[in-house]
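Following: one structure in structure tokens, then a few remarks.
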Amino acid sequence: MNRFTYSRAADANQAVTAVSGKPQSKFLGGGTNLLDLMKMGVETPNELIDINWLPLAQIEELPDKRIRIGSMARNSDVAEHALIKTRYPVLSQALLSGASPQLRNMATVGGNLLQRTRCYYFYDPAFPACNKRKSGSGCGALDGYNRIHAILGQSDQCIATHPSDMCVALAALDAVVRVRGPSGERQIAFGEFHRLPGNTPERDTSLAPGELILAVDLPAIPFAARSHYLKVRDRASYAFALVSVAAALNLAPNKKINDARVALGGVAHKPWRASAAEKKLIGQDANEKVFRAAAEAELAAAKGYKYNSYKIELAKRAIVRALTIVAKMT
């Protein structure tokens, strides 16, 4: 491991100032991803700024009924909070499906947003071809073992997937990320926070240099109480999603779909908002035939590789199953 310095930030402004103009500096929250990457030699910061002491762990209702979750709130605290479990069960379920209880007790909301891919070729420097680690080196997964890799939104530069469960739920909920940087505070719509790989796969997010995540805001969506998170994985615990679905439905008394929210995980470089599926659902009856048509529309542009083509049909079936579960909720 490379040598690095360590310091604690007293407040958000001090934290931002500490990393400003220092591209090799990193904020340290729970450390459940960053420290692993440092041990592997993938991340090599020369300075860590500990932000665990900042007062950013709140989970509170705002006057307009939005819910604000501080970036330092632990995943386990968010998952078990009464407001989240009641109003946004899809988020609670997504958090509880991720990692182990011990990791959830350490991992923070801000850190979860910044998780880096679990692609084999990215995570192990013994594989030299990884454009995300070293621009221009190639993508080892393209012709390698790509069973867990992307089927939507990928490029010939990178086919890695985003690993977060929480972020899939936040994508479906139209969350907003609040950040502070050298130029002040700003808000980022969740759909714009993470990036597709394009020609710059090394850039995971739209954060500017030195920006610190302060909080995540959840809009007031009454029908989000009727939601579900479905995770398909190789084993029942502590495994990343092969495919996951966050779904919510606004149903009329006659079971017509007034509104729908669907997002997918495990299929793209970012949490994938299933806009095509949503358009197919609105105004239709809530039944399996309609759900399948929506799934077909969303996966029409999917592209599989040697080992992951199974994901296309798996994603379709997962969408149908998740929506069926939500439609049966009272």
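Just so it is clear, none of the values below were taken in a lab; they were calculated from the coordinates. Note that the structure is predicted; figures quoted are calculated from it, not measured. Don't worry about glycine lacking a Cβ; one is built from the backbone with ideal geometry, like all the others, and counts go over all protein chains shown.
Could you state the number of Å between the C-alpha centres of region 60-81 and region 215-278?
Each part's Cα centre sits 19 Å from the other's.
Find the eigenvalues of the gyration tensor of the Cα atoms of region 124-180, then list the square roots of 5 times those eigenvalues as equivalent ellipsoid semi-axes, largest first, in whole angstrom.
Numbers: eigenvalues 145, 42, 21 Å².
Largest first, region 124-180 gives 27, 14, 10 Å.
Hey, what's the Cα Rg ratio for region 18-69 versus the globular rule of thumb, 2.2 N^0.38 Å?
On the way: Rg = 15.1 Å, N = 52, 2.2 N^0.38 = 9.9 Å.
Here the answer is 1.53, to two decimals.
Report the percentage of all Cα-Cα pairs in region 70-123 whose separation exceeds 18 Å, rounded to a whole percent.
33 percent
Which distance in Å, rounded to a whole number, links the C-alpha centroids of region 28-46 and region 288-323?
That distance is 34 Å.
Taking 0.36 nm per residue of sequence separation and subtracting the Cα-Cα distance, how much length would be gained by fully extending the chain between Tyr307 and Lys85, in nm to one decimal?
76.2 nm
Over region 256-299, what is the relative contact order in percent, taking alpha-carbon pairs closer than 8 angstrom and at least six residues apart?
Computed value for region 256-299: 40 percent relative contact order.
Can you pull the three principal axis extents for the Cα set of region 209-329, in Å, largest first?
So the extents along the principal axes, rounded to whole Å, are 44, 40, 28.
What residue among Val179, Val168, Val109 has the largest mean-square fluctuation in a Gaussian network model of the chain, using Cα springs under 10 Å?
Taking springs between Cα atoms under 10 Å, the residue moving most is Val179.
At Ser237 and Gln102, where each label point lies 7 Å from the Cα along Cα→Cβ, what is the point-to-point distance in nanometres?
Going from the Ser237 label point to the Gln102 one covers 1.2 nm.
At 0.36 nm per residue, and after removing the present C-alpha to C-alpha distance, how many nm does the segment from Asn254 to Ile282 gain when stretched out fully?
Result: 8.7 nm gained on full extension.
So what are region 1-120's ellipsoid semi-axes, whole angstrom, largest first, if each one is the square root of 5 times an eigenvalue of the alpha-carbon gyration tensor?
28, 19, 10
What is the sum of charges around Ala18, taking Lys and Arg as +1, Asp and Glu as -1, for the other residues whose C-beta is under 15 Å from the C-beta of Ala18?
Residues close to Ala18 contribute a combined charge of 0.
What does the extension gain come out to for Lys22 and Ala225, with contour length at 0.36 nm per residue minus their alpha carbon separation? Let's see the in-between values first.
Details: separation 203, 0.36 × 203 = 73.08 nm, distance 4.27 nm.
Additional length available on full extension: 68.8 nm.
Quick one: which of 308-315, 58-65, 33-40 comes out on top by average Cβ neighbours within 10 Å, and what's the full order, highest first?
Details: 308-315: 19.1, 58-65: 11.2, 33-40: 16.0.
Ranking the peptides 308-315, 58-65, 33-40 by packing returns 308-315, 33-40, 58-65.
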